[in-house]
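Below is one structure, written out as structure tokens; the observations come after it.
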Amino acid sequence: PLHDTANGKAALALMADTEVPDALLPEIGEVRRSGIAYDRDEHTAGISAAGIAARLQDGQIVAISVPAPTNRFRA
């Protein structure tokens, strides 16, 4: 899901505010400022991740995340 994964949040940051759930706007605003999204035990217990997204020339959004065990995640 877009709302609880690092790559999903990064993708949401490239979308218009009208496409982002209101409850997520503060966090997505931070992702827009920093360029990096985080998932801290949100999608899978014990796993955290950092993610980024970009828009291709054709407008398609692509995103990638790097997961790690939460006890080793430093972000």
Residue hits (the stretch 35-61; closer than 13 Å to A13 by Cβ and over 11 Å from the mean Cα position of the chain (by Cα)) are A54, R55, I61
Any chance you could count how many residues in the stretch 1-51 are in contact with a helix residue (DSSP H, G or I) (Cβ under 7 Å, 6 or more places away or on another chain), closer than 19 Å to V62 by Cβ and among the small types (G, A, S)?
8
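So, restricting to strands (runs of 3 or more DSSP E) that lie completely within the chain, which ones have at least 2 residues that are among the aliphatic types (A, V, I, L, M) and surrounded by fewer than 18 Cβ atoms within 10 Å (Cβ to Cβ)? It would help to see each step written out before you state the result.
Values: elements: 37-40, 47-55, 61-69.
Those strands (runs of 3 or more DSSP E) span 47-55, 61-69.
What about R32, is it in contact with a strand residue (DSSP E or B) (Cβ under 6 Å, 6 or more places away or on another chain), of a type in the set (K, R) and over 12 Å from D4 (Cβ atoms)? If you could, list the steps in order and put the result at the bottom.
Details: in contact with a strand residue (DSSP E or B) (Cβ under 6 Å, 6 or more places away or on another chain): no; of a type in the set (K, R): yes; over 12 Å from D4 (Cβ atoms): yes.
In short, no.
We did not get these values from a lab; they are worked out from the coordinates using the rules stated. Model, not experiment: these values are computed from the prediction. Neighbour counts are summed over all protein chains in view; Cβ atoms, including those assigned to glycine, are modelled from backbone coordinates with ideal geometry.
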